[in-house]
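For reference, the structure is listed below as C-alpha cells.
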6 protein chains.
Amino acid sequence: MSDKPAKYCKESRAVKALMVLPPDTNHYGTMFGGKVMAYIDDIAAIAATRHARTSVVTASTDSVDFLHPIRAGQSVCLEAFVIWTHRAAVEVFVKVVSEDMLSGERTVCATSFVTFVAMDVNGEKQMVPGVIPETELEKLFFDGAADRAKKRLEKREQSKALAKRFGTDKLWPSG
Amino acid sequence: MSDKPAKYCKESRAVKALMVLPPDTNHYGTMFGGKVMAYIDDIAAIAATRHARTSVVTASTDSVDFLHPIRAGQSVCLEAFVIWTHRAAVEVFVKVVSEDMLSGERTVCATSFVTFVAMDVNGEKQMVPGVIPETELEKLFFDGAADRAKKRLEKREQSKALAKRFGTDKLWPSG
Amino acid sequence: MSDKPAKYCKESRAVKALMVLPPDTNHYGTMFGGKVMAYIDDIAAIAATRHARTSVVTASTDSVDFLHPIRAGQSVCLEAFVIWTHRAAVEVFVKVVSEDMLSGERTVCATSFVTFVAMDVNGEKQMVPGVIPETELEKLFFDGAADRAKKRLEKREQSKALAKRFGTDKLWPSG
Amino acid sequence: MSDKPAKYCKESRAVKALMVLPPDTNHYGTMFGGKVMAYIDDIAAIAATRHARTSVVTASTDSVDFLHPIRAGQSVCLEAFVIWTHRAAVEVFVKVVSEDMLSGERTVCATSFVTFVAMDVNGEKQMVPGVIPETELEKLFFDGAADRAKKRLEKREQSKALAKRFGTDKLWPSG
Amino acid sequence: MSDKPAKYCKESRAVKALMVLPPDTNHYGTMFGGKVMAYIDDIAAIAATRHARTSVVTASTDSVDFLHPIRAGQSVCLEAFVIWTHRAAVEVFVKVVSEDMLSGERTVCATSFVTFVAMDVNGEKQMVPGVIPETELEKLFFDGAADRAKKRLEKREQSKALAKRFGTDKLWPSG
Amino acid sequence: MSDKPAKYCKESRAVKALMVLPPDTNHYGTMFGGKVMAYIDDIAAIAATRHARTSVVTASTDSVDFLHPIRAGQSVCLEAFVIWTHRAAVEVFVKVVSEDMLSGERTVCATSFVTFVAMDVNGEKQMVPGVIPETELEKLFFDGAADRAKKRLEKREQSKALAKRFGTDKLWPSG
C-alpha cells in the first residue's frame, strides 16, 4: 500500500448529470446500454484519478444490471466514488439514477463496480492510498471488496484461458 | 420457447471492424474502456436481433475483463453471436480482437456476455427461437448458460435490494 | 409568479464532471471556448428544468469570460443553480472549475448567467416558482437580478433593431 | 499595434452553412442554444485567424440573444468577420441566419461579439494588424469597439473578483 | 422540367468553412477521405435544396480525386452550387479548398459532382427549375452535363447488374 | 511491384456491421449519402492496410451509386477487400448491404472502388504485394482493373487541369 495517508470515500466522489437526448435512445425511446456503460467508465475514471492522483487505466468492469429503462426527456445522474484499493488497484462504485424532469421522481437504474490500475507516465504501476469507509453503505462495500477481488481474479483467469484455447484464428477465418 | 425453429449460432454472427483513432484513446494511447463497452453492446444487439427477428433491449452486461490494451493505430474487430436463449431472453457472446496493422498479429483483448430481452413494438415480451450449438466453443458456452443465468438473476436481485436499501436520497443530497 | 411554493437555490443544483480529452482542445492543448459554452448551456438547462418542472428553452447567455485556460488531462466540473425567476423566465448561474488531476488544485475558469423561458408541451409560457436565496453568494446574485434583467432587455432590443436595420440581404449576397 | 498593414473586414469574412438535424434540437424541434454557441466560436476563430495569421485563443464571448428559434429542417448560416483589433486582441462579429429551405425566407436569429488573443507557437502574445471598416455597419461597430472593450474589461474584473471571493471550496463540497 | 422559372447558379451557392482538427486526421496529420466525402454531401445537399425548394435525396456521388492532402491546423472551405437539372434530378458541383492559416495560401484539394432527386413529403418526385449558367466555368460544366448524366446512367446500370449477379449471399456467408 | 509474395483477396477482407440510427438519417428516414461514404472509406482503409501492411492514404473514391435507400431500424453491413495493386497503389472493392432486421432480407445498396497509396512513416511510397483473384467476381474485377486505373488517371488529370484553370480566387471572393 502507498505510504500516502488513506482517504475518505467522499474525497473522490464525482458526479455527472446529463439530459437524455433522442440520439442516445433506441426506438422504444430508452437509452442504449452501451451509452450508459461508456458514461459509467468515464465518471469512474475521474473518481479513481481523484483518489490516486496518478493516471489510471480501466482493468475490468463488473456486470451492469439495467434495473429500469432510462428514457429520452429524463435526465440521468451518475455518481462514483472509490470504495477500496489494493496496491495499484482502485475499485470504484458507480450508481446511475434517472430523474423524471416534470415530477422530479428519481430511480436507481443501474449500479456497477469498475476497477482501475494506477500508473505513472511511463506505465509503471503506482501504489495508491488506502480508503476509509464512513457510511453504512461504504462499510458494507468495503468489507465485501476482498471477496469481489478474488472472484474477479478467478473470472479473469478464466477469460485468459478461454482466449488462449479459442484464440483468434479458430473463430475468425476473416472479418 | 418460441414455436419458430431453432437456429445455429453462426446464423446470428455479426462482425464489426474499425480503426482505433486518437480520440478513442487516453494519453497512454490505449482505448478507453467505455468505448470498448459501447461497441460490445452495439454489435451484440445486431446479433441478438438477427436471431430473434424482433427488437431487443439490453438487460445486462456481464463483467468485461480488459486482458490486453488496444492501441491507437491498431484495428479492433468485434465478433458476436447468440449462444443461448430462454423464453424472451437472448444471451450473446462477444469477442474483441485487436490487430497490429503492420505485423498482422491478433490478440484477444476482451470477452463478454450480453443479455437482451426480445420485445414487439408495444414492448410486449416475445418468445424467441432456441439455439443449436455446433463447435466445441459453442457447446461449452451453451452448456454453461443455465448456470450463468442463475448467477445473473442472483446478482440482479442483489442490485435491486441494494437500490432499494440505499436509494437515491441517501447518497445524493444534490447533484 | 407561479402559485407553486418558492424553492431554494440548492434544490436545482446540477453538477457535471468530465475529463478534458485531446479532441476538446486546440493545438495549445487548451479547451475550445465553444465546447465550454455548449456544456454551460447543457448543465444550466438541467438546473432550470429542476426548478421549473416544465420544459425550458434558452433565451440568452450572458457574456462568458475565460479567466483561465482549461487543459487536456485536467477534469472540468460545471455547477449550475437557479438564482432568480420572474414569471416564465428562469435565470441560472453557472460556474466552471478546472481540476489538475495530479495535484488536485482547482481553479475557477469561467462563470456565466443563462436565462431560459419555461413552456408547456404546446409552447405556452408557464409561470415558475420563486427563488429563496440562502448563502451570501446567492443573496448577492439574487439582489442583482432585476438589474441584470433590465440590461439584458436593453441589449436584446438593440440586437433586434440591429437585425432589422442590417438584415440578411445586405451582409449576405450569397453563402 | 502590429507594423503589418491594416486589413479590410471583408478579408477575414468566414461563412459556414449547415443543415439543422434532429440531434441538434430539443423536443420542441428547436436548436440547442449550446450548439449555436459552439458554432459561433468555431466560425469566429476562423475569421480571427484569417486576420491575424497567427493562432488565436478565445478570450470572451459577449452575451448571445436568441431572437428567433432555429428549427430542424432549416439550414443555418453563420457569418463572421473581424471588426476591431487592439494590440494582440481581435474582436469578431458573428451573425447567425436561419433559412427556411422550402420558402427561402431568411431570419437573423442571433448576433454576438467574440474576442480572441493572438499568440505565437510559444504562447507569446502577437501584435495584429489594424482594421479598416468600409460599410455603414462596419463603421458603426468599429466606432463602438473601444466602449465594448472597456465594458468587457470591467466585467472581466468583476468575474475575477467573484471567482476569488467565492472560490471553489465554498460552493463545492464535492462534485 | 418544372414550370417554375429557371435560376442562376449563384442563387444556390452554399459555403462551409471549418477548421481541420486532430480527430479529423490520420497519423500523417492529413484529413480522412471519408470525412471530406461526408462534408461534400452535406454542403451539396444545401445547394440542391436551395435550388429545388423541396427535399432532396442523394442519388450518386461522382468519383472524388484527392489532389492535395488537407492538414490539421489548416481550414478547409467547401463551395457548392447547382450546375444542371433534368426533371427531378439536380446536379451539384462541389469544390474543396484548403487554406494555410498562417500564410493564407489556398489550394484546390478536391472537386466532385453530386446528384440528388427532388421529392415532396410523400416521396413523390418533383420537377425542379432549370439552370442558367453565367460564368465560363458554369457554361463549361453545363454543356458537359448531358454527357455526365449518360455515363452516370450506364455506370448505375452496371452497378445494378453487378448487385444482381453477385448478390448478398455469395459474398457474405456471415458478417 | 513488391518482392513480398502476392496475397489472396480474402486475406484483406474486412467487415463492418452497424445499426442505422435516427441521427444517421434524413427526414425520410433514409441514411445520409455522406454517412455511407464515410463508412466506405473507413472499411476500405482497413482492407488496404491488411494487404499492404503499411499505412495508406486515400487517393480517390470512384463514383458511388445509391441503388436502394438504407432505412433507420435496418442494419447495414459493409464488406471490403483488395482487388488489385500496382506499385504503391491499392484498389479496394466495397459492397454495402442493408438488412431488414425483422425479415432478414438483404439488399445491395451501393458498391464502390476506393484507391489508396501505401506509405512508410516518412511518407515515402511503398511497393505492395500483388493480388491473386480466386472467385468469379474477383477475377472479373481484377481483369477490369487496368482499365479502371487508366480512366481514373485521365479523370485525375482533368480535375487537376480544372483546379489550375478555375483556381481558388476566381470562384471565391470570400468565404
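The values are calculated or read from the model by the stated rules, or taken from the named source; none is laboratory data. Only a predicted model underlies this, so the values are computations on that prediction, with no experimental measurement involved. Cβ sites come from the backbone with ideal geometry, for glycine too, and all protein chains shown count toward neighbours. These accessible areas exclude ligands, DNA and RNA; they are computed on the full protein's heavy atoms, side chains included. Shrake-Rupley method; radii C 1.70, N 1.55, O 1.52, S 1.80 Å.
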### Message
Given a Förster distance of 25 Å, report the FRET efficiency between A:His86 and A:Thr135 from their Cβ-Cβ distance, rounded to the nearest 0.05.
### Response
0.75
### Heavy-atom accessible surface that E and F bury in contact, both chains counted, 1.4 Å, Å² to 100
5100
### Task
Could you grab the relative contact order for region B:58-140? Cα pairs under 8 Å, six or more apart, rounded to a whole percent.
33
### Message
At 222 nm, what value in deg cm²/dmol follows for chain E if DSSP H runs of at least 4 each add -39500 (n - 2.57) and the sum is divided by all its residues, to the nearest 500?
### Response
-9500 deg cm²/dmol
## Note on the structure
Quotient of Cα radius of gyration and Kirkwood radius for region F:7-165, i.e. Rg/Rh, equals 1.00
### Task
Quick one: accessible surface of F:Tyr8, probe radius 1.4 Å, all protein chains present, in square angstrom to the nearest 10.
90
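In chain D, what percentage of the DSSP-assigned beta bridges are antiparallel, given to the nearest 5? Could the numbers behind the result be given before it?
Numbers: 37 of 40 bridges.
The answer is about 90 percent antiparallel.
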### Query
A:Asp143: accessible area at probe 1.4 Å, nearest 10 Å²?
120
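For A:101-108, what's the mean count of beta carbons from other chains sitting within 10 Å of each residue's beta carbon?
Working: counts 9, 6, 1, 4, 1, 4, 3, 10.
Per-residue shielding by partner chains comes out at 5.
Semi-axes of the protein assembly as shown's equivalent ellipsoid from the Cα gyration tensor, sqrt of 5 times each eigenvalue, largest first, rounded to whole Å?
42, 42, 27
Below 8 Å between Cα atoms, with a sequence gap of 6+, how large is the relative contact order for chain B in percent?
Numbers: 338 pairs, mean separation 45.5, N = 175.
26 percent.
On average, how many beta carbons from a partner chain sit within 10 Å of the beta carbon of a residue in B:42-48? Spell out each step's value before the answer.
Details: counts 8, 5, 2, 7, 7, 1, 0.
What the average comes to for B:42-48 is 4.
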### Task
Kindly report the accessible area of chain B per residue (heavy atoms of protein chains, probe 1.4 Å, no ligands, DNA or RNA), in Å².
40
### Query
With springs only between Cα atoms under 10 Å, which of B:Pro22, B:Pro69, B:Pro129 fluctuates most in a Gaussian network model of chain B?
B:Pro22
### Task
Mind grabbing the accessible area of B:Trp84 for me, 1.4 Å probe, Å², rounded to tens?
50
### Query
For the residue pair F:Tyr8 and E:Asp143, what label-to-label distance in nm results when each label sits 7 Å from Cα along the Cα-to-beta-carbon direction?
5.3
### Task
Evaluate the distance, in nm, between pseudo-label points positioned 7 Å from the Cα of E:Ala161 and of C:Lys150 along their respective Cα→Cβ axes.
8.0
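Which is the longest run of chain E containing none of the GluC sites (Glu not before Pro) found in DSSP loop states (not H, G, I, E, B) with at most 16 other C-beta atoms within 10 Å?
Numbers: sites that count: E:Glu105, E:Glu124, E:Glu134.
In short, E:1-104.
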### Task
Starting from the exponent 0.38 and prefactor 2.2 Å, build the expected Rg for region A:67-112 from its residue count and divide its actual Cα Rg by it.
1.45
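Once you have the alpha carbon radius of gyration of region C:29-70, what is it after dividing by 2.2 N^0.38 Å, with N set to its residue count?
Values: Rg = 12.4 Å, N = 42, 2.2 N^0.38 = 9.1 Å.
Normalised Cα radius of gyration, region C:29-70: 1.36.
What's the average, rounded to a whole number, of partner chain beta-carbon atoms within 10 Å of each residue's beta-carbon in C:144-152? Kindly include the intermediate steps, with their values, before the conclusion.
Numbers: counts 0, 0, 0, 0, 0, 0, 0, 1, 2.
Partner Cβ neighbours, averaged per residue: 0.
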### Task
Roll a 1.4 angstrom probe over the protein heavy atoms and tell me the percent of accessible area of chain F that is carbon or sulfur.
55
### Query
Hey, got the dipole for the protein assembly as shown? About the Cα centre, +1 on K and R Cβ, -1 on D and E Cβ, debye to the nearest 20?
0
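For the cross-link pairs B:Lys35/B:Lys95; A:Lys151/B:Lys150; C:Lys151/D:Lys151; B:Lys160/C:Lys16; A:Lys160/B:Lys95; C:Lys95/D:Lys164, which exceed 18 Å when the distance is taken from alpha carbon to alpha carbon? All intermediate terms of the calculation are to be shown ahead of the outcome.
On the way: B:Lys35/B:Lys95 15 Å; A:Lys151/B:Lys150 16 Å; C:Lys151/D:Lys151 13 Å; B:Lys160/C:Lys16 26 Å; A:Lys160/B:Lys95 12 Å; C:Lys95/D:Lys164 12 Å.
In this structure, B:Lys160/C:Lys16 exceed 18 Å between Cα atoms.
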### Task
Can you grab the distance from the C-alpha centre of region C:48-69 to the C-alpha centre of region B:73-107, Å, no decimals?
43
